[in-house]
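Please read the structure below before turning to the comments.
Values quoted throughout were computed directly from the atomic coordinates according to the rules given, and no laboratory measurement underlies them. Note that the structure is predicted; figures quoted are calculated from it, not measured. Using ideal geometry, Cβ is built from the backbone for each residue, glycine included, and neighbour counts are taken over all protein chains shown.
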Amino acid sequence: MTRGSRKYVLDTQLFINAFRDPVVSEELQRFHRAFSPFEHFSVIVAQELRAGVKRRRDRKMLERNVLKVFQRASRTITPSADVWHRSGDLLAEMARQEGLEIARLSKAFANDVLLALSCREAGCVLVTDNERDFHRIRRFVQFDFTKPWPGGQVT
């Protein structure tokens, strides 16, 4: 997989891990440097990141260093109405086939379904370390995802 042939979207947890760990932060920065022309940002990830910010100073840093960077570059992806509808249909199908309890469904898993479908719609590869949930979703709908970091070592 070459960088120029694909567009990439990072999952929320990759940003959270980078905010908490300097080593992971450096890995993320190397990814940004190598893949920035091909990197897009999901508004679903933005919602999850914003929800986790407690201090005003941290919110401003998130907006300046992440959210506005992608907005200025016009590289945000937003789920269409069709994706929202299909996410509900997919969750219902999972309930029928796997016994998924919709009433007990975590918001994070519902967002993962929405993220997978919106990446599919936008033609993006999702970069995630949450293989378990995304393999589960992929049993119902085809979309591309990869472990961090695509293409092997990012230099």
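Can you name the residue in the stretch 6-38 that is crowded, with 16+ Cβ neighbours inside 10 Å and not hydrophobic (A, V, I, L, M, F, W, C) and, of all such residues, is nearest to residue 134 (Cα to Cα)?
Here is the first cut: in the stretch 6-38, the ones crowded, with 16+ Cβ neighbours inside 10 Å are 6-12, 14-15, 17-19, 24, 27-28, 31, 34-35, 38.
Still in the list and also not hydrophobic (A, V, I, L, M, F, W, C): 6-8, 11-12, 17, 27.
On the way: 6: 19, 7: 18, 8: 15, 11: 11, 12: 13, 17: 18, 27: 22 Å.
My answer is 11.
Considering 41, 31, the condition of being in a helix (DSSP H, G or I) and closer than 24 Å to residue 120 by Cα is satisfied by 31 alone.
Would you confirm whether or not the stretch 60-70 contains a residue that is closer than 23 Å to residue 149 by Cα, in contact (Cβ under 8 Å) with a residue 40 or more places away in the chain and in a helix (DSSP H, G or I)? Checking the stretch 60-70: at least one residue is closer than 23 Å to residue 149 by Cα, in contact (Cβ under 8 Å) with a residue 40 or more places away in the chain and in a helix (DSSP H, G or I).
State yes or no: is residue 15 part of a helix (DSSP H, G or I), touching a Pro at 6+ places or on another chain (Cβ under 9 Å) and under 18 Å from residue 76 (Cβ atoms)? So residue 15 fails the test. Among residues of the stretch 8-33 that are in contact (Cβ under 8 Å) with a residue 12 or more places away in the chain and more than 23 Å from residue 112 (Cβ to Cβ), none has a beta-carbon under 9 Å from a residue that is hydrophobic (A, V, I, L, M, F, W, C) and surrounded by fewer than 16 Cβ atoms within 10 Å (Cβ to Cβ) at least six positions away or on a different chain.
Residue 78 meets the conditions (1) under 14 Å from residue 41 (Cα atoms); (2) under 12 Å from the mean Cα position of the chain (by Cα); (3) surrounded by 13 or more Cβ atoms within 10 Å (Cβ to Cβ) in every case but one. The failed one is (3). Look at the stretch 102-130: where a residue is hydroxyl-bearing (Ser, Thr, Tyr) and a partner is part of a loop (DSSP other than H, G, I, E, B), sitting 6+ places away or on another chain with Cβ atoms under 8 Å, you get 118/78; 118/79; 118/80; 128/11; 128/147; 128/148. Scanning the stretch 53-63 for residues that are under 19 Å from the mean Cα position of the chain (by Cα) and exposed (fewer than 13 other Cβ atoms within 10 Å of the Cβ) turns up nothing. Set side by side, the residues 140, 41 differ, and just one is buried (at least 20 other Cβ atoms within 10 Å of the Cβ) and of a type in the set (Phe, Trp, Tyr), which is 41.
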